[in-house]
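One structure below.
The values are calculated or read from the model by the stated rules, or taken from the named source; none is laboratory data. Predicted, not measured: the structure shown is a model, and the values here were computed from it. As a convention, Cβ positions derive from the backbone with ideal geometry for all residues, glycine included, and neighbour counts pool all protein chains shown.
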Amino acid sequence: MNAKRLLLHMMGLTLILLPLAACGVPQPTPARTPIPPTAAPVKTATPRFTNTPTLTSAPTGTPTPTPTPTPTPIPSPAMPAPATGMGNVWGRLRWNDQPVPGAAVQIGTGATIVIGGKDKLNEPVYETTTDADGYFVLVDVRPGKYLREILVWDQVFHPEGWAIYFPFTIQAGETVSLGDYHLVKSDLKLASPQDGEEFETPAAALTWEPYPVAAYYSVDLGFETWEEALLEAHRVDQASVDLTAALPRPLLPGEYAWSVKARNANGTVVAESSQTTFKVAGEVPLFNLVFPGKGEVIVTTTPTLRWEPYPGAAYYEVHVGHVLDGVKSEEPSYALASALEVARQYNWEVAAYDSEGVKIAVSTEQFGFTIASAEQLEIVSHTAYHDSSGNLIVLGEIRNNLSSNVASVKIVANFYDAGQNLIGSGESYASVNIVTPGQRSPFRLYAQQQDIHPDSYKLVTLYRSTATEPFIEFSIVSHETGYWHEFHQITGQVKNEGATAAKSVEVVCTYYDAAGTVIGGSYDSIGNIGSGATASFELRMSRKIEPHHYELQVQGLMD
């Protein structure tokens, strides 16, 4: 981003770093001496930035050993005690473990975006300048919870602009130390591969321009196609990485992203590159998961997972949510021994490995499936059809064949081709919210996929048991049938015959053909009905039907 680009600002304290020349006002340089005994106690904010590098991966070549920094307290600059009810803030800005002097520092309780110029800080605004040792001191700051923001807008550090946020709190009578903040330049240049470059054969090395003050580099390389990190903070002393030595296999076909950080002898990052992507041409090594399919709902708690075998695979690693993390299987299947939780969704994926333990392929995507209770509600009848827009719709009716009330009944349809491969799914809720033992409710669901023509489908129910009893003391005072344009319509009145008011009242209608198969359903949400009061309802179908008979149900909750 440049100075004209919009930034996302969060409410809180904002700290902006600019070159001194941008401010136009010279500032005195405070001397750095111990805080006098009369000064307020110093509170150190939780450190977010540190000189200690976090490096992984085995080094290549003969790298220079990384020294282990010995944490030492940062000397405090001299400052007066804050005024009554106020607080102080100080910190230090550094690059390459050296001070950054002459930087104008401002803090405020937020920022207003200014298009085409520097953002305007919200009042109150406090400002000062870093001294020759990089210190900034802000005295008599109003107490509160704040968010620090540092912005760099010059050609020395980030020419496109750069920001970081850091929350802290100032309390009355306290002096808060924000510690060291290490600036990072953005002028490390990558050489090869270039951004967007595509290779017919795998790239053998990553190269970049040597950085003048770098003692060594840390390199990140990710296989974006698999969302897999190949190198993480991989250390090298020279301005290149030999991928044939650093990786267990040549780069596979797919898309990659890489970046480099230059570090000094203490491990402090002094410069970084932008992230660059490149591709290796060819067919990405993938295979398909078979069962459970994507979005499938199954009734067994110990399913046998199945996937397509991959040529050259010696074994597979299976991952299932929080249950399995890389369990091995030599066959393209795995039977779960421990029962999975009912009504919970699980994501699963598989990776294939060769005999040397090198990953050679992964499943096409991560699938999610849900476990349903073995005690399924009865599906009394159902039928499927395509509407005029080509949507696949399933109509039906469920019956509570259990001994307790159930609520929030979800009906899920799994659609299969002739080979019983899952090709789609759909779901919806039963029209009646609380279904008592023996009670029925209609449902209508849509396939989530467009233009789907399955050879078969299965219906599965998900629900929760409830001790809540529905309010059912209603009577249908009157009703009559007719047509609204070409659509079947029922209008009437319902009366609350109970001694208490009812809320969330709904009238549900189920339409049947002569054989008793459901051909439609509709409902009207009435709202609240007081004791002895009546309310009107209107039920209307959204498609043409000629029902043989229909059934009306009224249900609510006690107010």
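Hey, can you tell me all the residues within the range 205-226 that are among the charged types (D, E, K, R) and either exposed (fewer than 15 other Cβ atoms within 10 Å of the Cβ) or out of contact with any Asp or Glu (no Cβ under 7 Å at 6 or more places or on another chain) (or both)?
Going residue by residue through the range 205-226, those that are among the charged types (D, E, K, R) are 209, 220, 224.
Across the range 205-226, the qualifying residues are GLU209, GLU224.
Please specify each residue of the range 411-458 satisfying the condition of being of a type outside the set (S, T, N, Q) and in a loop (DSSP other than H, G, I, E, B).
Start the filter on the range 411-458 by keeping residues that are of a type outside the set (S, T, N, Q), which leaves 411-413, 415-419, 422-424, 426-427, 429-430, 432, 434-435, 437-438, 440, 442-447, 451-455, 457-458.
Result: ASP417, ALA418, GLY419, ALA430, VAL432, PRO437, GLY438, ASP451, ILE452, HIS453, PRO454, ASP455.
List pairs: first residue in the range 260-281 and within 24 Å of PRO202 (Cβ to Cβ) and modelled with pLDDT of 95 or more, second residue among the aromatic types (Phe, Trp, Tyr) and assigned to a loop (DSSP other than H, G, I, E, B) anywhere in the structure, Cβ distance under 9 angstrom, at least six positions apart or on different chains.
These pairs meet every condition: VAL260/TYR211.
Modelled with pLDDT under 60 and surrounded by 15 or more Cβ atoms within 10 Å (Cβ to Cβ): does that describe GLY161? Spell out how you get there, then give the answer.
Numbers: modelled with pLDDT under 60: yes; surrounded by 15 or more Cβ atoms within 10 Å (Cβ to Cβ): yes.
In short, yes.
Scan the strands (runs of 3 or more DSSP E) fully inside the range 207-253 and keep the ones with 3 or more residues being closer than 15 Å to THR276 by Cβ and not charged (D, E, K, R). First the steps, then the outcome.
Details: elements: 216-223, 228-236, 240-242.
Filter on the range 207-253 gives 216-223.
Can you tell me which residues in the range 407-421 are crowded, with 23+ Cβ neighbours inside 10 Å and either farther than 26 Å from GLN450 by Cβ or of a type in the set (Gly, Ala, Ser) (or both)?
Correct list: ALA413 only.
Taking the residues in the range 375-394 that are within 34 Å of the chain's Cα centre (by Cα) and assigned to a strand (DSSP E or B) as candidates, determine which candidate is nearest to VAL460 (Cα to Cα).
VAL394
Only one of these is among the small types (Gly, Ala, Ser), over 23 Å from ARG440 (Cβ atoms) and in a strand (DSSP E or B): GLY520, GLY527, GLY492. Name it.
Numbers: GLY520 fails: over 23 Å from ARG440 (Cβ atoms); GLY492 fails: over 23 Å from ARG440 (Cβ atoms).
Only one candidate passes the filter, namely GLY527.
Restricting attention to the range 165-204, and to residues there that are of a type in the set (Ser, Thr, Tyr) and surrounded by 15 or more Cβ atoms within 10 Å (Cβ to Cβ), which single residue is farthest from the chain's Cα centre (by Cα)? It would help to see each step written out before you state the result.
Residues of the range 165-204 of a type in the set (Ser, Thr, Tyr): 165, 169, 175, 177, 181, 186, 192, 201.
Remaining after also requiring surrounded by 15 or more Cβ atoms within 10 Å (Cβ to Cβ): 165, 175, 177, 181, 186.
Working: TYR165: 20, THR175: 37, SER177: 33, TYR181: 29, SER186: 28 Å.
Applying the filter and picking the extreme gives THR175.
Scan the range 293-343 for residues that are basic (Lys, Arg) and without any contact (Cβ under 8 Å) to a residue 24 or more places away in the chain and report the count. Explain how you work it out, then say what you get.
Looking only at the range 293-343, we keep the residues that are basic (Lys, Arg), and these are 294, 306, 328.
From what's left, without any contact (Cβ under 8 Å) to a residue 24 or more places away in the chain: 328.
Of the residues in the range 293-343, 1 are basic (Lys, Arg) and without any contact (Cβ under 8 Å) to a residue 24 or more places away in the chain.
Give me the strands (runs of 3 or more DSSP E) completely within the range 264-374, filtered to those with at least 2 residues that are among the small types (Gly, Ala, Ser) and surrounded by 14 or more Cβ atoms within 10 Å (Cβ to Cβ), ordered by residue number. Talk me through it step by step, then tell me what you get.
Numbers: elements: 269-272, 276-280, 289-291, 304-307, 315-320, 324-329, 333-335, 345-353, 359-363, 367-371.
Where strands (runs of 3 or more DSSP E) fall fully within the range 264-374 and carry at least 2 residues being among the small types (Gly, Ala, Ser) and surrounded by 14 or more Cβ atoms within 10 Å (Cβ to Cβ), they are 345-353, 359-363.
Determine, yes or no, whether SER525 is exposed (fewer than 14 other Cβ atoms within 10 Å of the Cβ) and modelled with pLDDT under 95.
Details: exposed (fewer than 14 other Cβ atoms within 10 Å of the Cβ): yes; modelled with pLDDT under 95: yes.
It is true that SER525 is exposed (fewer than 14 other Cβ atoms within 10 Å of the Cβ) and modelled with pLDDT under 95.
Kindly indicate the residue of the range 422-456 that is surrounded by fewer than 21 Cβ atoms within 10 Å (Cβ to Cβ) and among the aromatic types (Phe, Trp, Tyr) and also nearest to LYS503 (Cα to Cα) among those meeting that condition.
TYR429
Examine the range 140-151 for a residue that is modelled with pLDDT under 85 and part of a loop (DSSP other than H, G, I, E, B), and state whether such a residue exists.
Of the residues in the range 140-151, the ones modelled with pLDDT under 85 are 144-151.
Then drop every residue that is not part of a loop (DSSP other than H, G, I, E, B), which leaves none.
No; the residues of the range 140-151 include none that is modelled with pLDDT under 85 and part of a loop (DSSP other than H, G, I, E, B).
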